[in-house]
Amino acid sequence: MGEVYIGIDLGGTKIKGILMNEDGLIVNQYSTSTGNNLDNLFEVIEKLIQENKAMSSRICGIGVGCAGLIDHKNGITIESANLPFLKRFPLRYTLYKFTGIETTIDNDVKMGAIGEMFYGEGKGVKDFVFLTLGTGIGGAIIINGKVYRGITNHAGEIGHINLQTAGPDCGCGKKGCYESLASGSAILKYILYGIKMKRDTMILEKVKGDISKINTSLIVEMAENGDRLCLEALTESARYTGKVLSYLINILNPEKIIIGGGLSEVENILFPVIRETAQLYSLVVPFQNCLIIKAGLGTESGVIGAAQIALLQYKGIEI
Ligand SMILES: [Zn+2]
């Protein structure tokens, strides 16, 4: 009888669930919207358990990754901006009680780093940084093949490195964090400000004057078609990323910096600027020895990492 593991990526809008076998292959999957309580999470897990009955495999563990501050050790979700019902919630125990299956929970970006470590760009790499560029910016640090957690599992909060003392408001309550200047939301704000300042752009025409229809994927599309303002917004974001990467390169001297999240798909526009800026501010030798590269598992790294952490826990390996 084969062993399988449930991996869950509990996001602000969507819950992604997979059944993964011991070789890291996804054998089944089910996704739904997040909703505003735990019902949909239970539904995803129940559905995967039912699907598995037909395959006569044994589910040996569940791993759940969610955004925010997660007490991995005690299995408690401390705070998650987009999941208010998880404030100080014993998620691990609740899921164990519901399923009878050993459960592990952790921050979603740390899960993504674990996914990349075993099946993506982090394979065989002992020291790397995983960065996600999306609506927000997340990070995780892998040192000597282990997740570096720090004393309260906060290590890797790269998005909240301060870049401007009196910069824009950040979701964390501070001002001028890297995330507030370079995330998908910041790129959108840059465009809206440009429109307000009567800058020349084709995007306004594209949405027929309805600015509520402007989103990151449209900005990317327009940039690819040569729109100056859109290109400028993305380049500005990439410069901030490059600067932050120089800090990471100088402090950690990693072998790779792996970039995931929705914005990593815009490789052709962002990566050359990211690399160029990182080089400008990094020490020469650590920069030359660090590969800045797009995530190997795309947007799947988190859910695969969640199943992988369940597998590791079952085998008694702490990561
Ligand atoms: Zn912040």
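The values are calculated or read from the model by the stated rules, or taken from the named source; none is laboratory data. Keep in mind that this is a model prediction, so the values were computed, not measured. We place every Cβ from the backbone using ideal geometry, glycine too, and count neighbours over all the protein chains shown.
Here are the numbers for the structure shown:
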| item | result |
| --- | --- |
| Selection count where residues are under 25 Å from Ile151 (Cα atoms) and outside any loop (DSSP other than H, G, I, E, B), scope the stretch 48-84 | 13 |
| Residues located in the stretch 291-307, provided they are closer than 30 Å to Ser246 by Cα and in a helix (DSSP H, G or I) | Gly298, Thr299, Glu300, Ser301, Gly302, Val303, Ile304, Gly305, Ala306 |
| Residues of the stretch 130-175 that turn out to be part of a loop (DSSP other than H, G, I, E, B) and either away from the ligand (no atom under 12 Å from the Cβ) or not polar (S, T, N, Q) (or both), as a count | 26 |
| Residues satisfying the stated conditions in the stretch 164-193, i.e. among the small types (Gly, Ala, Ser) and farther than 20 Å from Thr241 by Cβ | Ala166, Gly173 |
| Test: residue in the stretch 206-215 that is without any contact (Cβ under 8 Å) to a residue 60 or more places away in the chain, within 24 Å of the chain's Cα centre (by Cα) and either in the same structural domain as Ile274 (by TED's automatic domain parsing) or not in a helix (DSSP H, G or I) (or both) | yes |
| Condition met for Glu221 (assigned to a helix (DSSP H, G or I), under 17 Å from the mean Cα position of the chain (by Cα) and in the same structural domain as Phe130 (by TED's automatic domain parsing)) | no |
| Residue satisfying condition, being touching an Asp or Glu at 6+ places or on another chain (Cβ under 9 Å), farther than 21 Å from Glu157 by Cα and among the β-branched types (Val, Ile, Thr), within set Val207, Val220, Val284 | Val220 |
| Residue in the stretch 176-201 that is nearest to the ligand (Cβ to nearest atom), counting only those that are assigned to a loop (DSSP other than H, G, I, E, B) and farther than 21 Å from Tyr281 by Cβ | Met197 |
| Residue check for Ile6: farther than 23 Å from Gly134 by Cα, surrounded by 22 or more Cβ atoms within 10 Å (Cβ to Cβ) and touching a Leu at 6+ places or on another chain (Cβ under 8 Å) | yes |
